[in-house]
Amino acid sequence: MRTLLLIGIFAVVLPIACAPFPDGPLDTEETGPTNVNARLIVESVQILGQSSAKLSDPLRSELGQFAGKNFDQPLLERLADRIKQELHAPDVRMHVVKGDMPDHVIVNFEIGVEREKRFDLDLARFLYHSKQGWSGQGHATVNIHENAFSFGMVSDGDRLNERYAGIQAGFERRHVGTDRLQLRFDFASYHEQWNEATLAEAAPGDIYRTRTQFSPTATIVILEPLVVSFGVDFARYRLSLPVAKTESSNAVVSTLRYHQRWGSAGDEGEHDIRASYSVRAGTHFLESDPVFARHEATARYRFRRRHQDLSIGFLAGKISGLAPLFERFVLGNAETLRGWNKFDLDPLGASHLVHGSIDYVYRGFLVFYDTGAVWDRSEDREQKQSLGLGCKKSGFQLAVAFPVRTGVVSPVFYAGMNF
Amino acid sequence: MRMRTIKPWWVIAAFLSGLAFAMWAEELVLSTQEGHLEFAAPRVHFLVGKPLERLRNASEVPFVFKITLWSGTRTHILREVPARFVVSYDLWEEKFSVTKLVTPRRTARHLTDNAAEAWCLQEMSQDVTGISANEPLWARLEIRAEDTKESGLPFGRGNITDSGINLTSLIEIFSRPAATTQPHWTIETGPVTLDELRRGRRRG
């Protein structure tokens, strides 16, 4: 009797236990992911498309880290956005398909073919500086079969000791036979405005009213992180003398650039190093009036991890000979010795320069420290320092900077983008 | 002068096509159960088209539902109840999962497409205790699929590059039609009284 009862219980319980999952709603209360595919494991992540080879190593290694982990749609969509941003691709689509193993999926990122933008507008720089006023630069570009024709306008009172305003035009051929060679022709025509401090210090033959520049350059990718540019820069400027006189500053220009990245912006952190060395030599061979050699070296190391962003910059330069004012070095603007006024440091610009800066950004909150010196004679060399704080997000920056000195504290305020 | 007459078969054809249209038109079906007003829309399918395409690509798709009830007159809104559901589609089981974003969350899994749609509507049922049995009621159901990727911010990611703000991208964003591209459905019914519903009369 007991055996029969047990058999009866088994007969009822066993089919219930072995029955397939019911095909109907199962109400549950939970706090897990809302996407049911979060339970699936990513078998592999693949990138499809012509420009996939151009993906940086940090991003490629980040992609590889997804294999073996649970499917996380928001994280993968953010990755698609980063691929799009890095490759400047018009579209990156994520396609998810069943993997070879059960409960596994393969994630394919499909990079859309870049549709050449026939017409493009760029606001390349925009800045308000409490001591130097407004600066702005914008371009319109027309692309025709890998040839880019650009036309722009600029008014900049920040970068040099003069305010230059005028037009810029350019032609660029991005592939000349090979991806490793680019050609560029730039033309600019400016009108100058001078600060009282500069006019008071300058000799009559130093100040010019207009400046026209033409600069053909070629860029060659030597090895992937190393790029060299070379060309010539023909400048003609009309002096502010009672008798109108035009001078030429024609220079051979050469720049060597290095850019390397490694790591990832996630837990590990992303490292980015950029360095360049450029030389501009004004020579009689090109019928230049001033003869000079201008050397400039820059380096920037950047480390990003989650919401933290640390940047350390270095800048050094030396001019031998007599260079025109637009070639001379300036400190005390929105990029260097922030907080100092460039006209207080050297209203004519200097022939020697050393500068270092540390910027730290946490969740958009920025603090920075700048130090540097400009001088013509070594006995005039005096190290200056400044501190500042503000906010920085997606190319926008708003900050207040204080020069470190005894006496009156006069902060400098600036706001803008891409400077 | 000869008078033109409407032939009888035209009348029959018009009547039949009207009837067919009425039969196949999207309808909101109301019923009452234990003091709750329940909704059904057997001819409305929102797990179709673009949303379904995204679901079959392992993405989750949020849907916003809104029930509007009028009582007495069509101008007196008795209640407006929005709710948010997130639907996903299991690539291996080939079944839908729906989560209602309330506290605490409610989830239904292993559903067919029709069952997933019905579950959402079932979750929209309304307590109608206190409403007079003879009071005329009107109801409207609105369903809208949301795109999680489009933030709608003018300075969204990708518009600011190393070379500054790309004005062309901004112009493209502002030229894009906003909500009209989102898949959406609206169905209404009424007037109907709770008495009529209890007697089993259905209105479409």
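Under 5 Å from the amide H of A:G99 lie the amide H atoms of A:H104, A:V105, A:I106, each residue being 5 or more positions distant or on a separate chain, with H modelled from the backbone and absent for Pro and chain starts.
Sorting A:230-243, B:111-124 by average packing, meaning the other beta carbons within 10 Å per residue, from highest down gives B:111-124, A:230-243. Once backbone amide H atoms are built at 1.01 Å from N, A:G388 has A:F368, A:F402 as its partners under 5 Å, excluding neighbours fewer than 5 places away on the same chain.
Shielding by partners for peptide B:106-116, expressed as the average number of C-beta atoms from other protein chains within 10 Å of each residue's C-beta, is 4.
Computed from Cα positions, the angle between helix A:73-87 and the longest principal axis of chain A comes to roughly 30 degrees.
Compute the long axis of helix A:2-18 from its Cα atoms, compare it with the longest principal axis of the Cα atoms of chain A, and write down the angle in degrees, 0 to 90, nearest 10. Roughly 30 degrees between the two axes.
What the Cβ-Cβ distance of A:R174 and A:N108 gives, at R0 = 22 Å and to the nearest 0.05, is a FRET efficiency of 0.20. Listed by chain and number, the aspartates and glutamates whose C-alpha is less than 18 Å from the C-alpha of A:K69, apart from same-chain residues fewer than 8 away, are A:E43, A:E77, A:D100, A:D103, A:D267, A:E268, B:D90. The residues packed around A:L389, meaning those with a beta-carbon under 11 Å from its beta-carbon, carry a net charge of +1 if Lys and Arg are +1 and Asp and Glu are -1.
Could you grab the relative contact order for region A:290-419? Cα pairs under 8 Å, six or more apart, rounded to a whole percent. Relative contact order of region A:290-419: 20 percent.
For chain A, what does the relative contact order come out to in percent, with C-alpha contacts under 8 Å and a separation of six or more?
Working: 989 pairs, mean separation 37.7, N = 419.
Relative contact order, chain A: 9 percent.
Extension gain, B:E34 to B:Q182, is 49.7 nm, computed as 0.36 nm per intervening residue step minus the present C-alpha separation. Averaged over peptide B:55-63, the number of partner chain Cβ atoms lying within 10 Å of each residue's Cβ comes to 5.
For region B:91-104, 3J(HN,Hα) computed residue by residue from phi via the Karplus equation (6.51, -1.76, 1.60; θ = phi - 60°) reads 5, 8, 7, 6, 10, 9, 10, 10, 10, 8, 7, 10, 10, x Hz, glycine and proline entered as x.
Here, chain A yields an orientationally averaged convex hull projection of 30.7 nm² when only Cα atoms define the hull. Taking label positions 7 Å along the Cα-Cβ direction at both A:S378 and A:Y128, the computed distance is 4.5 nm, reported to one decimal. Here A:K84 is the anchor, and the lysines within straight C-alpha reach of less than 16 Å, apart from those fewer than 8 places off in the same chain, are A:K54, A:K117, B:K149.
With a Förster radius of 25 Å, plug the Cβ-Cβ distance of A:Q385 and A:S155 into 1/(1 + (r/R0)^6) and report the FRET value to the nearest 0.05.
Details: r = 30 Å, r/R0 = 1.21.
My answer for the efficiency is 0.25.
With the Cα gyration tensor of region B:61-105 giving a ≥ b ≥ c as the square roots of its eigenvalues, does the rule (a/c under 1.5 for rounded; else a/b larger than b/c for prolate; else oblate) give rounded, prolate or oblate? Prolate.
I'd like the FRET efficiency for A:L286 and A:F230, computed as 1/(1 + (r/R0)^6) with the beta carbon distance as r and R0 of 22 Å, rounded to 0.05. Write down the numbers at each step before the final one.
Values: r = 14 Å, r/R0 = 0.62.
With a Förster radius of 22 Å, E is 0.95.
Counting, for every residue in A:39-46, the Cβ atoms of other protein chains within 10 Å of its Cβ and taking the mean gives 1. Bridgeable lysines around B:K66 (alpha carbons under 19 Å apart, same-chain partners fewer than 8 residues away excluded): B:K100.
Under 5 Å from the amide H of B:T193 lie the amide H atoms of B:L137, each residue being 5 or more positions distant or on a separate chain, with H modelled from the backbone and absent for Pro and chain starts.
Laboratory data are not the source of any read-out in this text; all were calculated from the coordinates shown. This is a predicted model, so every value here is computed, not measured. Quick reminder, even Gly has a Cβ in these numbers, built from the backbone with ideal geometry, and neighbours come from all protein chains shown.
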